[in-house]
1. Mind ordering 42-49, 74-81 by average Cβ neighbours within 10 Å, highest first?
2. For region 20-82, what does the convex hull of the Cα positions come to per residue, in cubic angstrom?
3. For LYS59, give me every one of the lysines with a C-alpha distance below 27 angstrom, ignoring sequence neighbours fewer than eight places off in its own chain.
4. Can you order the peptides 11-18, 51-58 by their average number of other Cβ atoms within 10 Å per residue, highest first?
5. Quote to one decimal, in nm, the extra length available between SER81 and ASP67 on full extension: 0.36 nm per residue of separation minus the C-alpha distance between them.
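Nothing in this text is a laboratory measurement; each read-out follows from the coordinates by a stated rule. Please read these numbers as outputs of a predicted model, since none were measured by experiment. When we count neighbours, we look across all protein chains shown, and the Cβ atoms used for this are built from the backbone with ideal geometry, even at glycine.
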Amino acid sequence: MSVGEKINEPRYPSFKGIMAAKKKPVTTLSLADVGVDPGEVGLANALATVTSSQPKPPKSAGEKIEDEGDGGARIAAFLVSQKLI
């Protein structure tokens, strides 16, 4: 198999494909159906553990800069203070 020139171009589903997918049946399989031992799965055998979580902090209001001839310098100073440049 070779990598083509369109490797980085996303493939978007067509409307026809979306509508056809809605009509496809969804099959639910149990652990016994797929041959997995119940002792091998679940929270006790997870490889990762979440120790804590918190909601994303709300966005603060931005700062508007009116350009009075020094707007570029003020924006550059802001970016330097945020260690972005």
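1. Working: 42-49: 6.6, 74-81: 11.6.
Going from most to least packed, we get 74-81, 42-49.
2. Details: hull volume 17.2 nm³, N = 63.
Measuring per residue, one finds 272 Å³ for the Cα hull of region 20-82.
3. Partners within reach: LYS83.
4. Values: 11-18: 8.4, 51-58: 4.9.
Listed from highest to lowest mean packing, they are 11-18, 51-58.
5. Separation in residues times 0.36 nm, less the Cα-Cα distance, equals 3.1 nm.
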